[in-house]
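Reviewing the structure listed below.
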Amino acid sequence: MKKIIHQLQQIISSYREQLNQVSEKDFSEKPHPDTWSKKEELGHLIDSAHNNLRRFIVAQYEHQPKIVYDQNFWNKAANYQEQSSDELITLWTLLNKQICFVLDALPAESKEKMCNSGKDQPEIHTIKWLAEYYNKHLLHHLHHLVSLEKIPY
């Protein structure tokens, strides 16, 4: 887990700076009415952080909890488009720092505990797998947000 935590800490540090370089105009622009702006995409990462933080905690004391969310509903309900980019970047940063604290405090035997993250069908993974996948998911979206080459995940 130390490697995963270290990678997440590096992601926070590096990409927070890069996100701060994106103008409010670029953050707010919607390429198409049916697609997310960069603010909304960052909001998606905030929602992902909320849900994964819950997975990392609840899976330690419940047997294979099912923790899923409707990403489009969450994004719309949170109204990220109307919030300032600075505040969204701060929220994203703090949530991810909290994930680092939780993962760092995770007892060794808990990293293999399971959580179901599948909406329509079971997708049961260990906390360790979810944490690794979380970092990949972050990088995929962050590369888009700061206009770097896409990273598949």
| remark: For Lys76, counting only lysines whose alpha-carbon sits under 16 Å away and dropping same-chain residues fewer than eight positions off, the answer is Lys30, Lys38, Lys39
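For the chain, what % of the accessible area comes from carbon and sulfur atoms, probe 1.4 Å? Mind showing how you got there, number by number?
On the way: 4430 of 8680 Å².
Solvent-exposed carbon and sulfur of the chain make up 51 percent of the total.
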| Alpha carbon Rg of the stretch 60-153, scaled by the compact-globule rule 2.2 N^0.38 Å | 1.23
| query | When ligands, DNA and RNA are left out and all protein chains stay put, how many square angstrom of accessible area per residue does the stretch 60-153 have with a 1.4 Å probe? | reply | 61
| request: Return the aspartates and glutamates within reach of Lys3: Cα separation strictly under 17 angstrom, same-chain partners fewer than 8 residues apart disregarded; answer none if there are no such residues. | output: Asp104, Glu109, Glu112, Glu132
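Expressed in nm², what is the orientationally averaged projection area of the convex hull enclosing the Cα positions of the stretch 25-73? Can you show the working numbers first?
On the way: hull surface 15.2 nm².
So the mean shadow area of the Cα hull is 3.8 nm².
For the stretch 1-82, run through the chymotrypsin sites (Phe, Trp or Tyr not before Pro) and keep only the ones in DSSP coil with at most 12 other Cβ atoms within 10 Å of their Cβ. It would help to have the intermediate numbers written out before the result.
Working: sites: Tyr15, Phe27, Trp36, Phe56, Tyr61, Tyr69, Phe73, Trp74, Tyr80; in loops: Trp36, Tyr61, Tyr69.
Within the stretch 1-82, the qualifying chymotrypsin sites (Phe, Trp or Tyr not before Pro) (loop, at most 12 other Cβ atoms within 10 Å) are Tyr61.
What does the helix-only formula give at 222 nm for the chain: each DSSP H stretch with n ≥ 4 adding -39500 (n - 2.57), the total divided by the residues, and the result rounded to the nearest 500 deg cm²/dmol? Can you show the working numbers first?
Working: 6 runs with 93 residues, N = 153.
Theoretical 222 nm ellipticity from helices: -20000 deg cm²/dmol.
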| Percent breakdown of C-alpha pair distances by 10 Å bin, ordered from the shortest bin, for the stretch 1-106 | 14, 41, 32, 11, 1
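Using only the Cα atoms of the stretch 1-44, what semi-axes does the equivalent ellipsoid have when each is the square root of 5 times a gyration tensor eigenvalue? Give whole Å, largest first.
Numbers: eigenvalues 146, 34, 5 Å².
Over the Cα atoms of the stretch 1-44, the ellipsoid semi-axes are 27, 13, 5 Å.
The values are calculated or read from the model by the stated rules, or taken from the named source; none is laboratory data. From a predicted model like this one, the values you see are computed outputs, not experimental measurements. A quick note on method: Cβ atoms are made from the backbone with ideal geometry, for glycine too, and the neighbour counts reach across all protein chains shown. SASA here: full protein model, heavy atoms, side chains in, ligands and nucleic acids out. Shrake-Rupley method; radii C 1.70, N 1.55, O 1.52, S 1.80 Å.
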